[in-house]
Amino acid sequence: MQTGSPFLDTIFLLRKSGSMTVFSDLQKISAKEENEAGDYFEAEFEKERLEFLSAEIPFHREAAVWGAKVLYHSTQLYLIRKNTAKDLDKLIPKLKIPADTSSILSADLSLRFLPQIASLLHSADSHDPLIKILEDILTQFHYSAVGYHLDLEKVNWEKELKNNTYRKLYLERIVEKRAYELAEIPYINKLLMADFGMHKDGYWRDLKIVEHGD
């Protein structure tokens, strides 16, 4: 699906094949491209809704487009860094709306690929200031970072996972990614064991049962 837009083509390729195209220079994203991205992600969100079977969570257009812009600029900044240091905060802006279930799942359509970029940056230069910017975003939207190490000690997991649909999706991603660090958090471990029931070994044989003190 080629559009002639570096922004849209980068996002489409990443979502389709997990690969990325790096262009020769950073391109400004037009309002038209943002609108087309919003339409695309709304359609993709509805496709994924068929998997989590919930009509209660609305699509958050602003969060989805923001996540796409963060991902696009991050992929380009992986190789294009000339005269960009002063503009990192502008190229990778923070989302100015709360991280609720709607914005988390909408932004995740793109942000789920961000840990891959952060890992590449770590390998190239562990002191790259862009890494902290991306990890701050992933700490706020940590559903997209399941399997990537972050400091999440301040997260109130009972409050975080109070939405039934989001909790189900979060636990499924932990299992899919074999994210031991999260799976061994007492509250999450308790939820996983309850879901596994007698079939725990079939789902995750070597995950240990953690004492949760209640």
Between S19 and E176, Cβ-based FRET efficiency (R0 25 Å, step 0.05) works out to 0.80
If the chain between N35 and S119 were fully stretched, how many nm would it gain, using 0.36 nm times the residue separation less the Cα-Cα distance? 27.3 nm
What number, rounded to the nearest 500 deg cm²/dmol, is the helix-based mean residue ellipticity at 222 nm of the chain, given -39500 (n - 2.57) per DSSP H run of at least four residues and division by all its residues? -17500 deg cm²/dmol
Unit charges on C-beta of K, R, D, E only; dipole of the range 19-132, Debye: 560 debye
For the range 112-125, Karplus couplings with θ = phi - 60° (6.51, -1.76, 1.60), whole Hz, Gly/Pro x: 4, 8, 5, x, 4, 5, 4, 5, 5, 5, 4, 5, 7, 6
Give me the net charge of E135's neighbourhood, meaning all other residues with Cβ under 12 Å from the Cβ of E135; Lys, Arg count +1, Asp, Glu -1. -2
Given unit charges at Cβ for Lys, Arg (+) and Asp, Glu (-), the dipole magnitude of the chain about its Cα centre in debye, nearest 20, is 260 debye
Heavy atoms of E56 accessible to a 1.4 Å probe, total area in Å² rounded to 10: 120 Å²
In order through the range 139-146: 3J(HN,Hα) via Karplus (6.51 cos²θ - 1.76 cosθ + 1.60), integer Hz, x for Gly, Pro: 5, 6, 10, 6, 4, 6, 10, 3
Which sequence of Y170, Y203 reflects their accessible areas, 1.4 Å probe, from the largest down? Y203, Y170
Find out how many positive minus negative residues lie around E160, taking Lys and Arg as positive, Asp and Glu as negative, among other residues whose Cβ is under 12 Å from that of E160. +2
Taking Cα atoms only, helix 164-177 is inclined relative to the longest principal axis of the chain by an angle, in degrees rounded to 10, of 80 degrees
Highest to lowest packing among 158-169, 59-70, 123-134, 7-18, scored as the average C-beta count within 10 Å: 59-70, 7-18, 158-169, 123-134
Mind checking which lysines have their C-alpha under 24 Å from K96, skipping anything on the same chain fewer than 8 residues away? K28, K32, K69, K86, K132, K154, K159, K162
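The values are calculated or read from the model by the stated rules, or taken from the named source; none is laboratory data. A quick note: this is a predicted structure, and the numbers were derived from the prediction, not measured. Backbone-built Cβ (ideal geometry, glycine too); neighbour counts: all protein chains shown. Areas reflect the complete protein model, heavy atoms only, side chains present, ligands, DNA and RNA absent. Shrake-Rupley method; radii C 1.70, N 1.55, O 1.52, S 1.80 Å.
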